[in-house]
Amino acid sequence: MEKLNRNVYNLQKELKVLRSFVIGCLGKDKEGEYHPDFVKKIIKANSEDASLIFKDKYSFLKKIQS
């Protein structure tokens with residue numbers, strides 16, 4: 001049982017390192033690097049449904065002016 005707990009703990013550490021690496025790779029572009037928290041926030045926002053949908057430029061302008 002102790003060996004299993006140790007293996008799970010090691011896998012959790014490895015997963016944390018891999019996530020950090022992936023986010024670090026996603027956060028790089030030709031302009032430089034983005035803060036990892038910003039990348040996480042953008043990736044999360046991208047997976048959520050949009051709260052507003054604009055059908056044309058007039059509805060968009062009306063919404064941002066209000």
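Which of the following residues is over 20 Å from the mean Cα position of the chain (by Cα), at pLDDT 80 or above and part of a helix (DSSP H, G or I): 64, 42?
Result of the check over 64, 42: 64.
If you scan the stretch 45-61, which residues turn out to be more than 8 Å from the chain's Cα centre (by Cα) and closer than 30 Å to residue 21 by Cα? Hits for the stretch 45-61 are 47, 48, 49, 50. Of all residues in the stretch 45-61, those satisfying the criterion of being surrounded by 11 or more Cβ atoms within 10 Å (Cβ to Cβ) and in a helix (DSSP H, G or I) are 59, 60, 61.
The values are calculated or read from the model by the stated rules, or taken from the named source; none is laboratory data. This structure is a prediction, so every number in the text was calculated from the model and none was measured. Neighbour counts run over all protein chains shown; Cβ positions are idealised from the backbone, glycine included.
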